[in-house]
Amino acid sequence: MSSIESLIFAVLLLNSFICMVLYIAFGQITVRKLRRNKNTKDSLGIEYASGWDIINVAQALSLPTYIIRKLRSSSLSPLYADREVLIENTTRFDRLLAFVFYWLLMFTGVSLPLLALADYLDLFSV
């Protein structure tokens, strides 16, 4: 493993840890409040596994509006959280936390397999 590869891996590992902390924080601060609210309880999307609604809510609050509209008009729309209802029942801080958590999760989730692929292809060798 080269030093640049080790540095990238260390940064991604740190991102992964921060993402875990944000997952817990977002779930406890925002999603817990939304689960208790009668208006939003059924708007969190389908929960495949325990805690998946946290990712559904973060996705709904983080993706651009045109993508959310496309998802809501598809036949799979019950799988996704309802953005309009969530926006009405969240604060600006909740939406910022969702944005930071979701995009850090996506960045880390894509970058780690790409780093593994680059290592397999020996792209970091000198």
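The values are calculated or read from the model by the stated rules, or taken from the named source; none is laboratory data. Remember, it's a predicted structure, so these values are computed and weren't measured experimentally. Note: ideal-geometry Cβ built from the backbone for every residue, glycine included; neighbour counts use all protein chains shown. Just the protein is used for accessible areas: all its heavy atoms, side chains included, with ligands, DNA and RNA removed. Shrake-Rupley method; radii C 1.70, N 1.55, O 1.52, S 1.80 Å.
General remarks:
- Residues satisfying the stated conditions in the range 46-59, i.e. in contact with a Phe, Trp or Tyr (Cβ under 9 Å, 6 or more places away or on another chain) and open to solvent by 30 Å² or more (accessible area, probe 1.4 Å): Ile46, Ile55, Gln59
- Exclusive hit being closer than 30 Å to Ser6 by Cα and not in a helix (DSSP H, G or I), set Ser125, Ser50, Ser43: Ser125
- Test: residue in the range 67-77 that is assigned to a helix (DSSP H, G or I), modelled with pLDDT of 95 or more and either in contact with a Lys or Arg (Cβ under 9 Å, 6 or more places away or on another chain) or open to solvent by 30 Å² or more (accessible area, probe 1.4 Å) (or both): no
- Some residue of the range 92-107 being open to solvent by 30 Å² or more (accessible area, probe 1.4 Å), at pLDDT below 95 and in contact with a Phe, Trp or Tyr (Cβ under 8 Å, 6 or more places away or on another chain): no
- Test set (1) touching a helix residue (DSSP H, G or I) at 6+ places or on another chain (Cβ under 6 Å); (2) without any contact (Cβ under 8 Å) to a residue 40 or more places away in the chain - Tyr66 fails condition number: (1)
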